Every structure is written in C-alpha cells, then in structure tokens.
Amino acid sequence: MNLANKILSSHLKEGRLIPGEQICIQIDQTLTQDSTGTMAYLQLEAMDVGHVAVEKAVAYIDHNMLQTGFENMDDHEFIRSVAKKHGITFSKPGNGVCHQLQLENFSKPGKTLVGSDSHTPTCGAMGMIAIGAGGLDVAVAMATGKYYLQCPQVIQVNLTGKKAPWVSAKDIILKVLQELSVKGGVNKIVEYTGEGIASLSLTDRATICNMGAELGATTSVFPTDERTLEYLKQQGREEDYIELKADEDAQYDQRLDIDMSALSPMVAKPHSPDAVVCVEELEGMHINQVVIGSCTNSSFADMMRAAKILKGRKVSEHVSLVIAPGSSSILAMLSENGALSDMIHAGARILECGCGPCIGMGQAPLSKGVSLRTINRNFKGRSGTNDAGVYLVSPEVAALSAIKGYLSCQFEDNMYLEDIPNTPFIKNENFFINDYDPQTDIYMGPNIKPVPKGDKLTEQIKGKMILKVGDNISTDHIVPSDSKLLPYRSNVPHLAKFSFSKVDSEFYQRAIENNGGFIVGGDNYGQGSSREHAALVPNYLKIKGVFALSFARIHRSNLINNGILPLIIDKDGYEFFNGQDEYTLLNVKDAVENDKDIIVKNETTNQTMIAKLSLTSREKVMILQGGLLNAIKELGGDF
C-alpha cells in the first residue's frame, strides 16, 4: 500500500478504498479559524451536541484581527464561548497562523485532521491525512468524529537529487504546479516519495503540502523519518513520533518525477498560482511591495533565512517590506536571537502573527503596483488592490528583491544561511485556553446572523441564468475577501450584497429581482479557499443550481451541503445558456433519486439539453432535504 491509503484504511468507517467511491473516515483532530469558524460553530450549535467527539479540536483566531469596529471581536468572543462550552481549545489572537500552530503543537504522524481552511493539508508534512473542508463538514466532524469524502486517487511525486543553495521548498511546489496546474490534483492525494525527501526539513515539507491546496488536491502527505523526529524534538513532543512510509512495492494512480538538482528559483505570475516561470525570466522587474509570511512561508527557518539576507543591508527606498512570523513562539525566538532586530534595522515592518496580507486583511499594494509575496494565492483582487500584480516567490527571493528594489535571484555568497539553529521552541501556553464548562452561555453579537437554509427539492425548478462566467472562478470571486468584508463573515445577508462584485457589479440586484436562478461557469469552478460563504451566499440568494464544466472539490461539497445542485455540462451546454431566457429543470427529483440525467429546457426556444449530476447516496439525501443541516434535523446525524 501507499502511505495515503495506509492512513485512510486505519481510519475507514464506511466504504471501500476504490477511487471515486464515497468513504467515511474517523477524524482525530479538527481546526477552525475565525473567518470560517463563526459559521461552523453556529452550525455546531444547531446540532445540539455536548463535548466534541474528536481527540483534539482547536479554534484559532488568526484571520480577522483588525478591530476597526466591534464585528471581529464579537465573533472572537462568540467562538471563545462556544469553545468553552464544547471542550475546544481556543487560540487567542496574536498566537499565530492556524496551520503553523497546529503543526508545532498538535500534529501527530498517522492521525487524521479536517479543518475549515483549504490549507489544512500543511500538516501532511507530519505524515497526517489533513484535509480542508467547508465549515459545516467540520462541524459535523466535531459532532460525530466522521468525515465523508470521495475516495481519492493517489499521485506519486518522486523527488530525486538535491536542491541548490538558493532553491527552496517553495520552488519545488511551484514546479509541481507548473507541471500539474491548479486543477491537476482534484480528488487526488499527492504523496511525496524518493531519496530527495531526506534533504527537506519538516517545515520545507509543510510549505510543499500547504500549496498542494493550489493543485485542488484533497491533501498531500510525506513519510516520517529522522527529519520528522528532529522537528518533534524541537517542539518537545518526541513521544508523538512513529515511523510511517509506503511499502516498497506501493502502487499509485499517477507519477511525476522532479529532479531537485535541476531546479532554479521560481515565481508564479498574476493571477494564478500555476502561471510559473523561472525568476531569471523576470529579472529586473520593478517592485513596490514585499510580503514575507503566511501559512506557506512563516516558519522559523523561513524567517531566519530572510533575516540573514537582510542583516546589515537596507530595504530599497521605494519598497515596503512587511514580515509576519507564523507563531508567537517563532516571534519570541527571533526576538531572543537577534534576527528580529536585523529585520527591523534593514527597514522591515513587523506585523502581528497572523494571516494579514495573504487574505487582504491590510497591506493592500499600491494601485497598479507589483507585490512579491511568499503566500500561496495571487488571484486578482485578493490582495485588496484589484489592479495590482501579485507574484508568488520564496522568502529568499523576497528578501533579496526587497533590498535590490526589483525582482532578482542574483544572490551574494555571504547571504546564505547554511545551518538553521535547531534549538528548542519557546513555548508560550498563555495564548491557548483549555477551559471546559458545558453550562457556558453563548455570546451573540448583533452582527451574527442565522445560518441560511435551503428548501426541499421539487420535481421541477424554474429560473433565469443570472450570471455566466469563465474558467477557474475562485471563491474569492464568488465572495470577495478583504479588510472591508471579512468582518461580515457571520452576517450572510450583508455579505450577499457583494457577491461576485469584482466580476459583475449587478449580480446581487439581478438575483434579488429574479428571486434567484442559475449560475453558469467553466472549468474548475469554485477553486481556492474552502470558504463556505461561497455557497451560503448563493443559498441565501436562492440560487437553485450551478452549471459548470467541472467543480473544485471543496466547493462542490459546500454547494451540496447547502442544497444547491452542482450540474456538469459540456462546452455545447455552456453555449446553450444566455441571459435573456428562462429555463426549467424538468425532472429534477426523479433524476436525483434514480441517477438520471437532468433535462434542461429553454422556455423561450423550447430547446433542451442534458446536464449530469453524480451524487452518492448520502449526497442525494442532502439535496432532497435542501442541505445537510436540514437532513440532520430531519433524519439524525447518521443518515
């Protein structure tokens, strides 16, 4: 067996490990963050459960930390009260980014983790099956200890050779993205093998697993070895180590070979993580801003490498350099060893330990500016500046370019940090709250609104096509993410007013005027963030179905969880739709119950077409009931 299937089989509750079949796995750990967590915990409360059913559940505050109004702090207090009521560890603001903290404090080889953030696979570096999901799926996992998914295929990425000094883990995953694309991992697990692994630190592997989310992959996973044990010792958790690896004759569904010795520094150009070229091709490009941090590249090693490059040098006069360490432990260590001082003396601004610029929560770039970032996504407008160009690079390239004032990989020999100090982490337990009191009163601020619910399925559905978009529409397009809108993550009616606003400013008004309708999309619809709001908002706006050439994994699940039909069409079907006519799905209920194609009729021309809907038995129940919450209320948690 390969490693992925070994871990899945040890946690299998229902189904068979046959790609494409529905399986249910036992979940050991869950995580949430505050951008998605408020809705997840509203859904958990709606299930009326007691103590969570997993070994470890953690609620992190790392996204919405700008307190320009009461909204964000109200959400934090709501999450803290729910955590106390249900036995969930609460991580206070300032403690750090959820994925970095989970890796440092709670990750364990061989365990399963599901989180309401698409970059949850970061912990695959620890030999875990760690999966990003919508908030409702995470709430169900907390309540029942179960998670349902389509059994994925397993891609083998075989790493050989040894990377050159100025090639980083970021360059390895950018190379994988260049080869496989942003949809190359959909319904697949990426498993890393080969002799090249031994030269990668645990946090190198975490960077690679983190950006596996950009492949659309279910998760990514590394075997465990001496580098794993080394990291656990650094965290004071060596007792958690076990050796995990694939069998010698393990079978895979696909293979990609990467010779690390042949790589050079890479960069992803706007506006997609797979628009990857060598930095040399863009050498000399004028830049305005550099951001070092995020869950991809905020580890102690990343910070130390950047500090070494910056030490004794000066950030270019026209560049704004901001740095956000990944956790309070890392920040404390940088402070004690002098690296933080080196960064500040070079002219860097030190941000709070959190997500910050990655999600558009502050540090928006110059209008039409160029921003180099060590983050994982560069979708248009995600930074907070719609016409900015965001380029994804390694911390080394970012720090060097900040000094030079232009994109560069022309390093000097004395910039290289040969050995990262393998010192024990400074642990600060004061940011973690572990109180449990089932009698806790839940705090509800005025900005927190109820979770929208769908209606039971009818035999026919009528509506207009109110939006038609192209390929690779992200959840950022569906529900924008920036400092102005993030405080309203718990207020779906308000958030709905801005749905698709960066694609079509009139979408909301059309949805209201037509009492909902249909959306038509291209390939890989709903890529990117796991944010459930990209389905909650259409549900609130009475969107009855989404037609697309293909769907991103998490978004498809979120649509079904909200009772919205994810309908597959071909290119002829895409051309079938226009904005003037009304359409009827003629045989919806029969098609769902009996695995039939859905007949779509244009009421103006009387033409028809076929849309496909492939659902598991459990997904059928959700669609028929109008969503997962309705199904649980009607049938109980084990339907």
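The values are calculated or read from the model by the stated rules, or taken from the named source; none is laboratory data. All values reported here derive from a predicted model rather than from experimental measurement. Because the Cβ atoms are built from the backbone with ideal geometry, glycine has one as well, and the counts that use them run over all protein chains shown.
Of note:
- Considered as a group, the residues in region 292-328 that are on the phi > 0 side of the Ramachandran plot and within 18 Å of the chain's Cα centre (by Cα) include one that is surrounded by the most Cβ atoms within 10 Å (Cβ to Cβ), and that residue is Gly293.
- If you go through region 155-171 and keep only what is in contact with a strand residue (DSSP E or B) (Cβ under 6 Å, 6 or more places away or on another chain) and closer than 28 Å to Arg237 by Cβ, you end up with Val157, Leu159.
- Selection status of Lys497, touching a helix residue (DSSP H, G or I) at 6+ places or on another chain (Cβ under 8 Å), charged (D, E, K, R), more than 30 Å from Ile598 (Cβ to Cβ) and surrounded by fewer than 18 Cβ atoms within 10 Å (Cβ to Cβ): yes
- Note on region 244-281: residues that are over 27 Å from the mean Cα position of the chain (by Cα) and either free of Cβ contacts under 8 Å to residues at least 40 places away in the same chain or surrounded by 18 or more Cβ atoms within 10 Å (Cβ to Cβ) (or both) total 3.
- Selection status of Ser201, surrounded by 22 or more Cβ atoms within 10 Å (Cβ to Cβ), under 19 Å from Glu396 (Cβ atoms), in contact (Cβ under 8 Å) with a residue 24 or more places away in the chain and of a type in the set (Ser, Thr, Tyr): no
- Residues in region 552-602 that are assigned to a loop (DSSP other than H, G, I, E, B), free of Cβ contacts under 8 Å to residues at least 40 places away in the same chain and farther than 22 Å from Tyr525 by Cα: Gln580, Asp595, Lys596.
- Any hit, region 35-57, residues being part of a strand (DSSP E or B) and touching a residue at least 60 places away in the same chain (Cβ under 8 Å): yes
- Number of positions in region 395-423 that are touching a residue at least 40 places away in the same chain (Cβ under 8 Å), farther than 19 Å from Ile375 by Cβ and assigned to a helix (DSSP H, G or I): 3
- In the set Glu418, Glu412, Glu429, Glu396, only one residue is over 30 Å from Asp581 (Cα atoms), exposed (fewer than 15 other Cβ atoms within 10 Å of the Cβ) and within 27 Å of the chain's Cα centre (by Cα); that residue is Glu429.
- Candidates Ile344, Ile350 - the one that is without any contact (Cβ under 8 Å) to a residue 24 or more places away in the chain, outside the structural domain of Met65 (by TED's automatic domain parsing) and farther than 25 Å from Tyr231 by Cα: Ile344
Residue-wise test of (1) more than 24 Å from Asn210 (Cα to Cα); (2) basic (Lys, Arg); (3) surrounded by 16 or more Cβ atoms within 10 Å (Cβ to Cβ).
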residue	(1), (2), (3)
Leu31	no, no, yes
Leu44	yes, no, yes
His86	yes, no, yes
Thr89	no, no, yes
Pro93	no, no, yes
Gly96	no, no, yes
Lys108	no, yes, yes
